[in-house]
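*Asks:* Got a structure for you, questions after.
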Amino acid sequence: MIRKTMWDERLKVIGGDNIEGLLISSKQLPYKYLEFLQNQGHLVGVLNDNDIQVWNLETRSLICSLQWESNITAFSVISGSHFIYVGDEHGLFSVIKFDAEEGQLLKSSNHLLAKFLREAAGFPESSEKTRELASSPSCPKPKTPTRT
């Protein structure tokens, strides 16, 4: 469980057996994404300035950070791994690896476009007709009862 105190952007982490920890960043910015590296003792967060940070929960210290060059709009840790998906405002999809031994985030040199992922997943191309259907109500509006 993660709880953030609002007045100074510190993170209070509460775990099993009433274990608590306080993480204090040098940047006084709110986090827009927070996820645990499952069973690995690390917490990964993305600040509003798109700085990706990795925290060691045992030592309660910041291990490393990576400043992303564009606005991060999607973020997810791949369960049970050291890999992180990052999507940005330009529709690019990237993979980052957290190297625990070296204590650093390694950015892949390859990017995937959202269009490629949509096509690979078998989703249709977004068209004007598709947008019209998506914006139209799927159920008719109920009739207003009349009084007799």
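*Asks:* Report the residue count in the stretch 52-82 for those that are within 14 Å of Glu35 (Cα to Cα) and touching a Ser or Thr at 6+ places or on another chain (Cβ under 9 Å).
*Replies:* 4
*Asks:* I'd like to know if the stretch 108-124 contains one or more residues that are at pLDDT 85 or above, surrounded by 13 or more Cβ atoms within 10 Å (Cβ to Cβ) and not aromatic (Phe, Trp, Tyr).
*Replies:* Scanning the stretch 108-124 turns up no residue that is at pLDDT 85 or above, surrounded by 13 or more Cβ atoms within 10 Å (Cβ to Cβ) and not aromatic (Phe, Trp, Tyr).
*Asks:* Out of the residues in the stretch 37-72 that are surrounded by fewer than 15 Cβ atoms within 10 Å (Cβ to Cβ) and not in a loop (DSSP other than H, G, I, E, B), state the one that is farthest from the chain's Cα centre (by Cα).
*Replies:* The residue in question is Ser61.
*Asks:* I want to confirm something. Restricting to the stretch 66-80 and keeping residues that are among the hydrophobic types (A, V, I, L, M, F, W, C) and touching a residue at least 24 places away in the same chain (Cβ under 8 Å), which single residue is nearest to Leu105 (Cα to Cα)?
*Replies:* It comes out as Leu66.
The values are calculated or read from the model by the stated rules, or taken from the named source; none is laboratory data. Just so it is clear, the structure is predicted and the values come from calculations on it, not from any experiment. Every residue, glycine as well, gets a Cβ built from its backbone with ideal geometry; the counts of neighbours run over all protein chains shown.
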